[in-house]
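Okay, structure first, notes after.
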Amino acid sequence: MSTLHKILLSAALLGAVLLAGCEKGADAKKAGAPVATVNGKPITQAAYDAYAKQRAMSRQPTGDPAEREATIQELINRELIYLDAVKQGIDKKPDVLAEVENQRRNVLAGYAVRNFVDTHPLTDEEMRKEYETRMGGMTTKEYKARHILVDDEARAKALIAKLDKGADFSKLAKENSKDSSAENGGDIGWYELSGLVPGFREGLAGLEKGKYTKEAVQSQFGWHVIMLDDTREIAPPEFDKVKENVRNIMQSRQVEKYLADLKSAAKIEIKGEQAKPATPSVMQPEKKTEQKTE
């Protein structure tokens, strides 16, 4: 998640805290008519709107009138618990005060970032230039392949020998492959090489259309015999279809520069003993990613 999204998410989740603090000293009319009262204390429309927005982040709004009633009931419950907490003096505890202050800082930081983004809008021309720089003229190559997956090299070699004698690849796949693609004659569809497991991708990359591997290919799943059916070039998506993605990338970059400028103008001292960097290891944990071929 980018710096921009992390900070904005914090602001959205904690916005009600800041709003509640602001309402204490504000004219009640500015906060809107109350949607309910608890022991004579109003729950304003502004408080309702802020809570409903926060609530919508975890529950998809339906627009049902009953949803408004449910939201009001949740606010009433929260207010009852809040008033009881104040009655018990929980709001005076040092650790609670520290947490409230921490959340207040998160909210203000989030709104500062949002204000920065709002006051530095990106034009379509700027975003289109970024799009052209990153994607203009770029094409992606996809491969349409089929394979036969077996448990050992000897069996894979025996299948290659049958293919050399004219056997039908699809028929052999249906009869011998342990992969789920067997029922489709080993057809796995279209993929970029990056979407395929190591071993398989290298075996496929070296093939010509209509040819199959003359040697058994090993991957983490077993031994493969691979045939390349076809290849195609895929053009990048049109600007309008990825415009918002481009905007997010550029806004994140803006926020990173905004933060870097603040750091360069500030005097920052980190106190105490610093953690020592981790000792590099020759054996790094394997990064687990979803593989598209088994």
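Derivation of every value follows stated rules applied to the coordinates shown; laboratory data play no part. Predicted model only: the values in this text are computed from it and were never measured. Glycine gets a Cβ as well: all are built from the backbone with ideal geometry, and neighbour counts include every protein chain shown.
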Amide proton proximity set for residue 197, modelled H, under 5 Å, gap of 5+: 292, 293
Dipole in debye (nearest 20) - segment 140-234, about Cα centre, beta carbon charges: Lys, Arg +1; Asp, Glu -1: 220
Segment 140-234, Cα convex hull volume normalised per residue, Å³: 82
3J(HN,Hα) from dihedral phi, segment 232-247, Karplus parametrisation 6.51/-1.76/1.60, rounded to Hz, x for glycine, proline: 8, 9, 10, 6, x, x, 5, 3, 4, 7, 10, 3, 5, 5, 4, 4
Residue-wise HN-Hα coupling along segment 209-214, computed from phi with Karplus coefficients 6.51, -1.76, 1.60 (Hz; x: Gly, Pro): 4, x, 9, 10, 5, 7
Inter-site label distance for residue 180 and residue 98 at 7 Å from Cα along Cβ, in nm: 5.0
